[in-house]
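Structure first, then comments.
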Amino acid sequence: MKQLALLISPLARGAFFADYLAACEVELGVLSSESAVHVPIGELDFFHLDLATEDVAKVARLSCVQGVFERRGDALVPMAVSTHFQLHADFVFGTKYRGKTNEVFTQFMLNLGLQHLELDARDKIKVLDPMCGRGTTLLWAMSYGLSAKGIEQHIKVFPEIHQSLKKWCKVHRQKHELSSGFVGASNKQNDGKFIRFKVGETALQIIKGDAADAAQILKGERFSLLISDLPYGIQHHTSDRTRNPLETLKACAEGWSASLKPGGVMVLGFNQYQPKRDDLAAVFRDHGLVVLPVTAPHRMSESIVRDVLVCKKPAG
Ligand SMILES: C[S@@+](CC[C@H](N)C(=O)[O-])C[C@H]1O[C@@H](n2cnc3c(N)ncnc32)[C@H](O)[C@@H]1O
């Protein structure tokens with residue numbers, strides 16, 4: 001057993017604002033059922049937590065944690081733990097654009113999803129983000145060594161993603177394969193156009209299309225995790241140009257549920273004001289998913305309180 005002090009990353013404040021400590025506690029619940037104790041030292045925030053020695057390495061991949069220390073009496077001894085990420089951090093953090101999902105929040109969602117996966121669903125974990133924007137979720141998945149697919153309705157993101165991947169591969173001398181093509185026949189709307197990025201055995205693919213058509217676009221492929229940050233801000237519109245994504249999600253729910261493997265987990269980031277949690281949960285319950293009692297609300301602005309909805313597909 002190790003007695004740890006985890007230094008909370010300043011990036012967590014940027015992701016969760018005034019509610020960052022509560023969000024950290026939710027993520028630390030990924031590691032241990034024992035609750036972690038918040039210990040501020042000056043301007044620094046630590047959480048004290050006791051963990052089995054073999055679990056210490058898992059701390060490195062928590063989105064909220066900047067450093068890991070062992071408590072020895074009053075002294076804090078830094079521990080060398082590694083994330084073993086497969087991509088340089090610039091692939092995830094380096095490119096900034098309007099509408100990007102906060103990178104720390106995206107990793108947080110991925111960690112919650114991984115935590116709730118059932119063991120037999122852990123083999124060859126593949127990640128789907130059916131509203132993937134420019135691919136923050138997919139790039140995190142690749143960093144974790146997981147292959148991922150995404151769907152995005154706007155064709156304009158494709159050249160931007162291509163350019164950004166090319167840039168970071170060049171800067172970091174990352175060996176890779178980058179290709180594009182069509183899923184199905186090419187057409188004037190570019191539906192089915194894809195971009196594929198492969199590093200070693202891990203790949204991501206982004207396909208142009210409507211998230212409501214996920215089952216057809218993905219040709220029945222199933223995923224262990226579905227992680228997505230839903231449209232919630234002024235700059236994000238759903239395909240019907242309304243600001244409340246509920247109607248779009250009703251159209252998506254059947255295909256998203258079908259795209260999950262039994263035992264698979266869906267984590268959605270959403271604005272509590274629209275849709276309401278209960279309404280959102282009901283949409284996915286109606287399609288056979290079980291809503292888990294996980295919540296991490298954090299106020300981002302006057303009109304946005306972001307939260308997560310975590311659902312599981314029964315193992316069958
Ligand atoms: C909050 S943003 C996701 C941003 C993304 N996580 C990133 O960091 O780049 C939501 C995305 O969903 C896309 N979207 C909304 N409705 C969609 C639909 N029906 N089908 C496909 N994509 C959709 C929007 O175009 C937007 O890029």
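Sort through SER164, SER143, SER186 and tell me the only one that's hydroxyl-bearing (Ser, Thr, Tyr) and free of Cβ contacts under 8 Å to residues at least 40 places away in the same chain. Break it down into steps so the answer makes sense when it comes.
Details: SER164 fails: free of Cβ contacts under 8 Å to residues at least 40 places away in the same chain; SER143 fails: free of Cβ contacts under 8 Å to residues at least 40 places away in the same chain.
Of the residues listed, the single one that is hydroxyl-bearing (Ser, Thr, Tyr) and free of Cβ contacts under 8 Å to residues at least 40 places away in the same chain is SER186.
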Which listed residue is assigned to a strand (DSSP E or B) and buried (at least 21 other Cβ atoms within 10 Å of the Cβ), from LEU76, LEU87, LEU110, LEU6: LEU6
Verdict on SER33 being surrounded by fewer than 17 Cβ atoms within 10 Å (Cβ to Cβ) and either within 20 Å of ALA296 (Cα to Cα) or among the β-branched types (Val, Ile, Thr) (or both): yes
Any helices (runs of 4 or more DSSP H) falling wholly within the range 179-298 and containing at least 1 residues that are within 13 Å of the ligand (Cβ to nearest atom): 214-217, 246-259
Number of the condition not met by LYS156 [criteria: (1) buried (at least 19 other Cβ atoms within 10 Å of the Cβ); (2) without any contact (Cβ under 8 Å) to a residue 12 or more places away in the chain]: (1)
Number of the exception - VAL68 against (1) of a type outside the set (Asp, Glu); (2) in the same structural domain as LYS166 (by TED's automatic domain parsing); (3) over 16 Å from ASN111 (Cα atoms); (4) crowded, with 16+ Cβ neighbours inside 10 Å: (2)
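Determine whether the range 265-281 contains at least one residue that is under 28 Å from PHE182 (Cβ atoms) and either touching a residue at least 40 places away in the same chain (Cβ under 8 Å) or in contact with a strand residue (DSSP E or B) (Cβ under 9 Å, 6 or more places away or on another chain) (or both).
Our first condition is that a residue be under 28 Å from PHE182 (Cβ atoms); within the range 265-281, this holds for 266.
Add one more test, that the residue is either touching a residue at least 40 places away in the same chain (Cβ under 8 Å) or in contact with a strand residue (DSSP E or B) (Cβ under 9 Å, 6 or more places away or on another chain) (or both), and what stays is 266.
Yes; the residues of the range 265-281 include at least one that is under 28 Å from PHE182 (Cβ atoms) and either touching a residue at least 40 places away in the same chain (Cβ under 8 Å) or in contact with a strand residue (DSSP E or B) (Cβ under 9 Å, 6 or more places away or on another chain) (or both).
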Which numbered condition PHE69 fails, given (1) more than 16 Å from the ligand (Cβ to nearest atom); (2) in contact with a helix residue (DSSP H, G or I) (Cβ under 8 Å, 6 or more places away or on another chain): (2)
Residue count for the range 114-145, restricted to those that are over 12 Å from GLN205 (Cα atoms), away from the ligand (no atom under 11 Å from the Cβ) and surrounded by 19 or more Cβ atoms within 10 Å (Cβ to Cβ): 6
Of all residues in the range 90-102 being surrounded by 13 or more Cβ atoms within 10 Å (Cβ to Cβ) and among the hydroxyl-bearing types (Ser, Thr, Tyr), the one that is nearest to the ligand (Cβ to nearest atom): THR101
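The values are calculated or read from the model by the stated rules, or taken from the named source; none is laboratory data. Just so we're clear, the structure is a prediction, and the values are computed from it rather than from any experiment. Because the Cβ atoms are built from the backbone with ideal geometry, glycine has one as well, and the counts that use them run over all protein chains shown.
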